[in-house]
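Input: a single structure, listed below in structure tokens.
The values are calculated or read from the model by the stated rules, or taken from the named source; none is laboratory data. Everything numeric here is computed off the predicted structure, so don't read it as measured data. Here the Cβ positions follow ideal geometry from the backbone for every residue, glycine too, while neighbour counts run over all protein chains shown.
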Amino acid sequence: MNRNAGVAVAGKRDMVHAASAGRNMTSILTEKLDGVVRLTLNRPDSLNAFTDEMHLLLRAQLEEARDDDTCRAILLTGAGRGFCAGQDLGDRDPRKMDGPPDLSHTIETFYNPLIRLIRSIEKPVVCAVNGVAAGAGANIALNCDIVFAARSAKFIQAFSKIGLIPDSGGTWHLPRLVGEARAKALIMTAEPLMAEEAERIGMIYKCVDDDALAGEASALAERLAKGATFGLGLAKRALNASSSNTFDQQIDLERDLQREAGRSPDYAEGVTAFMEKRAPDFTGKP
Ligand code: T3D
């Protein structure tokens, strides 16, 4: 077992592989167990700050999980004492560059595809924030479907400290999650928000004791993976659409997606199991 992994995996693994970042480093650890693909950001010495290489590896692993029918939920966490400190600033050192970088290029090439991918995967994506989540690291966490955080973890919209604006969907998610007043203050002050407070104001799902994080996040991901995951994917699609739809558009969408859900084997199984007073055995198939 990787001693640094924020979310430890107990029991037999049916697949373990580390996406190699070369030089004997593995910047993304990938494990699959009981229908859950666990992805661990693994550059603990820099609090799992993102390099271009790590972006590409994470994206490839997420795409693989998306396309793997036996993966029915994804769990994202970090190795060591941090979840993710956002962009690796070592790769942005002005003293080593000819001129100012074009950050729109890196956003377009790396961050936006990652955020869009997580949002578009029609499977539950659970995030276990094991330590500090700063800059894009905070907003990548908030872009996941269900966010747990260790009690010692904190969220920092660190961008203003270095003259940037929030990216990775932060200016979209934050006001929706916590309201405009809090969003503006968090963004402009870059003050750390502790996990407990993040839960209290509705920014994340749940703050749990540090030593319970791995167990609770894994247990929920495993439970979801055994659920009616085709329907969960449709529910995610509906929720994603709700922010830009009118009420009428949204209830029309609910009608259309319910038609799809109602034709799924999981719906037939769910109702049959209810009638037979037994636990359902869902497959997640369309
Ligand atoms: O550039 C683009 O492509 C545009 C996209 C931008 C997206 C962004 O995310 S911009 C925001 C970048 N992130 C930050 O500004 C956060 C920088 N980090 C911090 O403010 C602090 O490290 C933390 C508040 C996150 C944690 O503080 P603390 O005191 O717990 O830890 P530390 O001592 O500062 O960091 C521990 C080590 O991690 C340290 O290395 P060392 O001295 O032990 O060798 C530190 O340099 C390294 N580290 C932390 N964050 C980063 C990092 N190294 C590279 N890049 C980082 N972002």
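Here are a few things to note about the model shown:
- Matching entry among Gly262, Gly227 (being over 17 Å from the mean Cα position of the chain (by Cα), within 16 Å of Ile74 (Cβ to Cβ) and either surrounded by fewer than 20 Cβ atoms within 10 Å (Cβ to Cβ) or outside the structural domain of Gly78 (by TED's automatic domain parsing) (or both)): Gly227
- Count - residues of segment 44-68 that are over 17 Å from the mean Cα position of the chain (by Cα) and within 14 Å of Gln87 (Cβ to Cβ): 4
- Filtering segment 74-89 to residues that are within 30 Å of Val36 (Cβ to Cβ) and near the ligand (Cβ under 9 Å from one of its atoms) leaves Arg81, Gly82, Cys84, Ala85, Gly86, Gln87, Asp88.
- Out of Phe155, Phe159, sole residue that is part of a helix (DSSP H, G or I), under 25 Å from Phe110 (Cα atoms) and among the aromatic types (Phe, Trp, Tyr): Phe159
- Residue check, Ala141 in a helix (DSSP H, G or I), small (Gly, Ala, Ser) and away from the ligand (no atom under 13 Å from the Cβ): no
- All of (1) of a type in the set (Ser, Thr, Tyr); (2) closer than 30 Å to Gly231 by Cβ; (3) touching a Ser or Thr at 6+ places or on another chain (Cβ under 9 Å) hold for Thr189 with one exception: (2).
- If you filter segment 144-158 down to residues that are away from the ligand (no atom under 13 Å from the Cβ) and free of Cβ contacts under 8 Å to residues at least 60 places away in the same chain, you find that the one that is surrounded by the fewest Cβ atoms within 10 Å (Cβ to Cβ) is Arg151.
- Boolean, Ser218 is in the same structural domain as Asp69 (by TED's automatic domain parsing) and not hydrophobic (A, V, I, L, M, F, W, C): yes
- Boolean, Leu213 is under 18 Å from the mean Cα position of the chain (by Cα) and outside the structural domain of Ala49 (by TED's automatic domain parsing): no
- Every test in (1) free of Cβ contacts under 8 Å to residues at least 24 places away in the same chain; (2) outside any loop (DSSP other than H, G, I, E, B) is passed by Asp98 save one, and that test is (2).
- Flag for Leu39 being assigned by TED's automatic domain parsing to the domain that holds Leu193, away from the ligand (no atom under 14 Å from the Cβ), assigned to a helix (DSSP H, G or I) and modelled with pLDDT of 95 or more: no
- Residue selected from segment 90-134 under the condition within 10 Å of the ligand (Cβ to nearest atom) and among the hydrophobic types (A, V, I, L, M, F, W, C), by the criterion surrounded by the most Cβ atoms within 10 Å (Cβ to Cβ): Ala133
- Condition check for Gly137: touching a residue at least 60 places away in the same chain (Cβ under 8 Å) and either exposed (fewer than 15 other Cβ atoms within 10 Å of the Cβ) or not β-branched (Val, Ile, Thr) (or both): yes
- Contact map, segment 205-224: first residue without any contact (Cβ under 8 Å) to a residue 24 or more places away in the chain, second residue surrounded by 18 or more Cβ atoms within 10 Å (Cβ to Cβ), Cβ cut-off under 9 Å, separation 6 or more or different chains; pairs are Asp211/Ala150; Ala212/Ala150; Gly215/Val7; Gly215/Val208; Arg223/Ala73.
- Residues in segment 162-173 that are near the ligand (Cβ under 8 Å from one of its atoms) and either at pLDDT below 95 or outside any helix (DSSP H, G or I) (or both): Leu164, Asp167, Ser168.
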